[in-house]
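Novice: Dropping a structure here in structure tokens format, bear with me for questions.
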Amino acid sequence: MFTVFDPLLITAALLVMIAGTAVRWRSWQRGRKEERSGDWKGLCGYLLSHRKIMRKDRSGIAHLLLFWGVLLPLAVIFLAQFSFVLPAKLAGALSLFLNLLGAAAIVGILFFLVRRMGKDGSPPEGVLPPAVLLLFILLSGFEAQGVRLNIVPAPLWTAPVGALFSALSPASPLFLQLLIRMHLLAVLLLVATLPFTFLRHVTAGALNVYYKSKGPRGALRPLAMEEGCLGAKTVEDLSWKQLLDAEACVSCGRCEENCPAFLSGKPLSPRKVIRTILNQMATPRGSHPLLGEAVTTEELWSCTTCMACVAHCPLYIDPLDKVVDMRRYEVLGKGAAPVEARPMLRNLELFGDVNGKSASHRTDWALNQEVPLLSGQPVEVLLWVGCSGAFHPAYRETTRAMVRILKKGQVSFAILGKEEKCCGDPARRLGEEALFLDLARENIRLFNRFSFKKIVTLCPHCFNVLKNEYPALSDNLLPGNFEVLHASQFVLELIEQQKITLKYPVRSTAAIHDPCYLGRANGVYEPLRKIAGAVPGLVLHEFQRTGESGFCCGGGGGRMWLHESGTHINTLRAKEIAQSGVGLVSTACPYCLTMLEDGLGGLELEKRPKVRDLIDIVADSLG
Amino acid sequence: MIRVLARHSEGVFDEATFGLIAEARRLLADIGGEGKVTALVLGSNLSPESLSALGPRGADEVLYLESKAFERYRGELFCEALCELLSKGSPSFFLMAESEETSDLAPRIAAHLGRPLINRVVDLKIPRKGEVLAFRPVLNGYVFEEVAAQCEGGPVILSFLPSVLTADEPDAAKEATIRTESWMATKTSGVRLLEVIEADPGSLEIEEAPIVVAGGRGMGKAEGFSPLFELAECLGATVGGTRPVIDAAILPFERQIGQTGKSVAPKLIVNCGISGANEYTAGMEKSLLVIAINKDPRARMFNFADLGIVADVHELLPLLIARLKEIKD
């Protein structure tokens, strides 16, 4: 059925595709250098399982159907160009299989088309032409089969879908030829236009999955300050991988649907951030406006760095690291940190704590508590108290509760006392990278002076920074001979090893509010639930948005120090809590504790659910 | 010999002036203890009793220059009068406390006399005879710089940040010799005083207001805030609020006190219906005198209060306002 022109046509289509891909390739290769290694296994596993895409059931299944419904028939048609003979039964079975797959692909594409039509907001450009083309390819294929069945009959079971089409088709060989030509032309058109339409995610998305980050999700990328980079002023300040992220985006909107800032009506949309970067990549070098203008500062400072967008992106795109890079430029490049956050940053600089209470008050919480101070003696556990644990009036109680638990479990532990400094998380998330590095290096130097096996932190933000970000610091001060645990992980160990027993009942219906930096950043979900399960009397429920979909309290990313206008994120979460009807919300983060308490307080409920740190609950139940 | 500029409001000297005299005494001891501390007072119609308040604070001598022209601060006249005084008796230092007026006055005098001026001083040292070393914050307080000045040939002018000045306890046994001179301007001034427009406390930046009245969730909804505004008017105070109050759009964001708003340190803050969460107190902890009114006797706000009143604000405030109005009338 091939004509002499076909190889020419196919070559032309391929050449156009390659040229187009090269243009796109250059647009994202203009980013900064970055070391990334690829992962074939990861990519194959990703495609085969479709697990990440199927996180959202219906569109995930539609994608699965379309993916296999296009890929396998394409492979078979390609193989069919070589002459070989299959046993009739096998050929029939293959035909049936392809028939069903094709039908599935039609279902998939129709789902996407219908959804796209019904969806408001801003769908990505270039969706409709390739989708219609794909539908045409599938339908023309079936129609050709239908006509062919009228000319050369075949058993019904080998092509049930084709048979449906045959009922309405003529038995005309000329029409058949026409259909096949059109089918081929449509395929070639699709191939040629691949880099220019929405379908470029086939290549860019696959590449993005291939090069996906293997580091911990909670760790922010280091800033190349020695190269003179102060954050992202233009798209060229982003790395090639960050630009590839934008190239791969299909604008599915899952980031938006899970973004607490977007859901509470703030100007930020992670999707828009990525799309803006994508649009700017197409402009000539140096001609585009600053990212700070295309993406406004209101958008940048709305982010709570909760990582919901990162967790829900089916293509491993990280909108957060772009937001943070732009924040860095705002702060380091322009000196334009938000006004409300400046006193806190200054307190960090002068006093080493967010409250500006200074080192001399850092151990006030431990007054009359007999808390051992780290000295020359090696200990098992270094209890990292953190600024909230040391200064926040409510969270100090949690620190004391932790001390009670450690003493009960006869753990050899100590604190750094007045020498401890802020871990640097609020500074880093607000873009003050230089200040973060100062604090981190001071803390690391301190760690190197003492001998201990584990660091246990109460605050998930400290936990994340100590565990995931300190080891990556370039001067490599950290010996790395200790492990960093969150209090919940360590307390679970104590319970499982029966070093402590939970005896006294805490009678309440409770649910866990997953802190972002414990859950999404570090995958610590189970310990919280296991501990809650071990507390007698506690009946555990789950919130609707829980685990990896857990909803942020609104306090992370330095938002704890920023003014929030409009609907508050903590109010949204508080409403969800109130609707769930639980009597107790258990969390494991000082920010969550304050924000949820405040959110629930603002609702003026008749019976307000209590908000408590899990460590406090454990201490209450301690036998 | 050290001279000190005494600042007063209708004959009432402020704490900074007493602190300045104490500082002058320390400085006098550092340079050998010889000579006198003389307070220079510029004003009109001051009573001898009010001038005698300076003696117990450590002034050896009070020189009161009287003139109708000194009713209000006027740079040219003050400068002329003070330069005349400073050129007599060869004082080695002239001390003043930083204020809007002295920021204008100090450079005038320094330029007029051709003498060194160090402003925003927080600490002093005398490294050797004839030299003074002053410390002052620069770069928004991030670093301190040392500034040296030579004492020969006339007075070194030092302007202190008032926040570092602390007065000594008054010693009633001490008395200063008081001299009164009347003064007439020799030159005609190009500046005429037409009118003095006082700042409206209601429109003051909350960070600059000396008295703040703050309301919290306990004040109720918008209409519940009217006694708060009334109280502020009586006290000449500026109104502030906690975050929920700003969220409810009762006050604009510019009036928010706390972690996500403004940090204030007024001389007096009255907290009405505020429970005192850490996020609020972080913005007002440095206030001088703190009054808290709250129904809940266990409210955390009381930990910060110099005066705590357990009462319903809506019962207490009308009484308080009525009493304040009575006193005013």
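Every number here is computed from the coordinates shown, using simple stated rules; none is lab data. Because the structure is predicted, anything quoted here is derived from the model rather than measured. So basically every Cβ, Gly included, is an ideal-geometry build from the backbone, and we count neighbours across all protein chains shown.
Novice: Can you tell me how much longer the chain between residue A:408 and residue A:526 gets when fully stretched, taken as 0.36 nm per residue apart minus their C-alpha distance, in nm with one decimal?
Specialist: 40.2 nm
Novice: Among A:517, A:329, which comes first, second and so on when ranked by fewest other beta-carbon atoms within 10 Å?
Specialist: Values: A:517 31, A:329 23.
In increasing order of surrounding Cβ atoms, one gets A:329, A:517.
Novice: Using r as the Cβ-Cβ distance of residue B:44 and residue B:295, and R0 as 30 Å, what FRET efficiency do you calculate, to the nearest 0.05? Can you show the working numbers first?
Specialist: Details: r = 50 Å, r/R0 = 1.66.
My answer for the efficiency is 0.05.
Novice: Can you give the Rg and Dmax of segment B:201-328 based on its C-alpha atoms, in angstrom?
Specialist: For segment B:201-328, the Cα-based Rg and Dmax read 12.9, 38 Å.
Novice: Going 7 Å from the Cα of residue B:309 in the Cα-to-Cβ direction, what parts of segment B:189-222 have a backbone nitrogen less than 16 Å from that spot?
Specialist: Residues B:212-216, B:218-219 fall inside that zone.
Novice: What whole number of Å gives the distance from the Cα centroid of segment B:188-213 to the Cα centroid of segment B:257-295?
Specialist: Cα centroid to Cα centroid, the span is 24 Å.
Novice: Still on this structure, please answer the following. If you take every DSSP beta bridge whose two residues both sit in the protein assembly as shown, what share of them, in percent to the nearest 5, is antiparallel?
Specialist: Numbers: 14 of 86 bridges.
The antiparallel fraction comes to roughly 15 percent.
Novice: Assign unit charges at the C-beta atoms only (+1 for Lys and Arg, -1 for Asp and Glu), then state the dipole size of chain B relative to its Cα centre in Debye, rounded to the nearest 20.
Specialist: 420 debye
Novice: Whole Å is fine, so just give me how far the alpha carbon centre of segment A:307-362 lies from that of segment A:213-273.
Specialist: 15 Å
Novice: Averaged over peptide B:279-291, how many Cβ atoms belonging to another chain are found within 10 Å of each residue's Cβ?
Specialist: On the way: counts 6, 0, 1, 10, 2, 0, 3, 1, 0, 0, 0, 0, 0.
That average works out to 2.
Novice: If the label point is 7 Å along Cα→Cβ of residue B:149, which residues in segment B:80-121 have backbone nitrogen under 11 Å from it?
Specialist: B:92-96, B:106-107, B:109-111, B:114-121
Novice: In segment B:50-109, which chymotrypsin sites (Phe, Trp or Tyr not before Pro) are in a loop and have at most 16 other Cβ atoms within 10 Å, using DSSP for the loop call?
Specialist: Numbers: sites: B:64, B:70, B:73, B:78, B:93, B:94; in loops: B:73.
Within segment B:50-109, the qualifying chymotrypsin sites (Phe, Trp or Tyr not before Pro) (loop, at most 16 other Cβ atoms within 10 Å) are B:73.
Novice: For chain A, with the dipole built from +1 on Lys and Arg beta-carbon atoms and -1 on Asp and Glu ones, taken about the Cα centre, which of A:86, A:262, A:3 lies farthest toward the positive end?
Specialist: So the residue furthest toward the plus end is A:86.
Novice: So how do B:183, A:28 line up by other beta-carbon neighbours within 10 Å, fewest first? Don't jump to the answer; show the numbers that get you there.
Specialist: Numbers: B:183 19, A:28 25.
Placing the least packed residue first, the sequence is B:183, A:28.
Novice: Loop only per DSSP, at most 16 neighbouring Cβ atoms within 10 Å: give me the GluC sites (Glu not before Pro) in segment A:455-558, ordered by residue number. Each step should come with its number before you reach the end.
Specialist: Working: sites: A:469, A:483, A:493, A:496, A:542, A:548; in loops: A:542.
Loop-located and lightly packed - A:542.
Novice: Something else about it: Under a point-charge model restricted to the Cβ atoms of Lys and Arg (+1) and Asp and Glu (-1), what is the dipole moment magnitude of segment A:5-209 relative to its Cα centre, in debye to the nearest 20? Walk me through the numbers on the way to the answer.
Specialist: On the way: 19 positive and 8 negative charges, 141 e Å.
Computed charge dipole of segment A:5-209: roughly 680 debye.
Novice: Run the quick spin-label model on residue A:117 and residue A:227: label points 7 Å from Cα toward the beta carbon, then report their separation in nm to one decimal.
Specialist: Going by the 7 Å Cα→Cβ label model, 4.7 nm.
Novice: Report for chain B the percent antiparallel among DSSP-assigned beta bridges with both residues inside it, nearest 5. Spell out each step's value before the answer.
Specialist: Details: 13 of 60 bridges.
For chain B, the DSSP antiparallel bridge percentage is about 20.
Novice: Only helical DSSP H runs with n ≥ 4 go in: add -39500 (n - 2.57) per run for chain B, normalise by residue count and round the 222 nm mean residue ellipticity to 500 deg cm²/dmol.
Specialist: On the way: 8 runs with 81 residues, N = 329.
Value at 222 nm, helices only: -7500 deg cm²/dmol.
Novice: Looking at segment A:353-420, which GluC sites (Glu not before Pro) are in a loop (DSSP not H, G, I, E or B) and have at most 13 other Cβ atoms within 10 Å?
Specialist: Values: sites: A:370, A:380, A:397, A:419, A:420; in loops: A:370, A:420.
Within segment A:353-420, the qualifying GluC sites (Glu not before Pro) (loop, at most 13 other Cβ atoms within 10 Å) are A:370.
Novice: Could you tell me which residue out of B:95, B:199, B:228 lies farthest along the dipole of chain B toward its positive end? Charges go on the beta carbon: Lys and Arg +1, Asp and Glu -1, centred on the Cα centre.
Specialist: Selected residue: B:95.
Novice: Would you mind checking the pairs A:357/A:499; A:421/A:530; A:52/A:322; A:52/A:214 and listing those with alpha carbons more than 24 angstrom apart? Mind dumping the intermediate values first?
Specialist: On the way: A:357/A:499 36 Å; A:421/A:530 32 Å; A:52/A:322 22 Å; A:52/A:214 16 Å.
Violating the 24 Å limit, Cα to Cα: A:357/A:499; A:421/A:530.
Novice: As an exercise, use a Förster radius of 30 Å and the Cβ-Cβ distance of residue B:73 and residue A:358 to find the FRET efficiency, rounded to the nearest 0.05. Mind showing how you got there, number by number?
Specialist: On the way: r = 38 Å, r/R0 = 1.27.
My answer for the efficiency is 0.20.
Novice: Pull up the cross-link candidates among the lysines for residue A:610, meaning alpha carbon to alpha carbon under 19 Å and not fewer than 8 places away within one chain.
Specialist: A:575
Novice: Scan chain B and hand back the longest stretch that contains none of the GluC sites (Glu not before Pro) lying in DSSP loops with at most 16 other Cβ atoms within 10 Å. Working shown, then result.
Specialist: On the way: sites that count: B:10, B:34, B:152, B:175, B:195, B:198, B:205, B:207, B:208, B:285.
It runs B:35-151.
Novice: By count of other Cβ within 10 Å, fewest leading, how are A:512, A:106, A:18 ordered?
Specialist: On the way: A:512 25, A:106 20, A:18 14.
Exposure proxy ranking, most exposed first: A:18, A:106, A:512.
Novice: Given a Förster distance of 22 angstrom, what is the FRET efficiency for residue B:174 paired with residue B:123, based on the Cβ-Cβ distance and rounded to 0.05?
Specialist: E between residue B:174 and residue B:123, to the nearest 0.05, is 0.30.
Novice: Each label point is 7 Å from the Cα along the Cα-to-Cβ direction; what then is the distance between the points at residue A:11 and residue A:349, in nm?
Specialist: With each label placed 7 Å out from Cα toward Cβ, I get 6.6 nm.
Novice: Straight-line reach from residue A:212: which aspartates and glutamates have Cα under 17 Å away, leaving out those fewer than 8 places along the same chain?
Specialist: Once the sequence-local aspartates and glutamates are set aside, what remains near residue A:212 is A:34, A:35, A:39, A:245, A:247, A:318, A:321.
Novice: Out of every Cα pair in the protein assembly as shown, what percent are spaced more than 47 Å from each other?
Specialist: Details: 206640 of 452676 pairs.
Result: 46 percent of Cα pairs exceed 47 Å.
Novice: Specify which residue in the list A:621, A:594, A:536 is farthest towards the positive end of the charge dipole of segment A:508-621, using unit charges on the beta carbon of Lys, Arg (+1) and Asp, Glu (-1), about the Cα centre.
Specialist: Looking along the dipole axis, the top candidate is A:536.
Novice: Then there is this: Placing unit charges on C-beta atoms (Lys and Arg positive, Asp and Glu negative, everything else neutral), compute the dipole magnitude of chain A about its Cα centre in debye, rounded to 20.
Specialist: Numbers: 68 positive and 55 negative charges, 166 e Å.
I would put it at about 800 debye.
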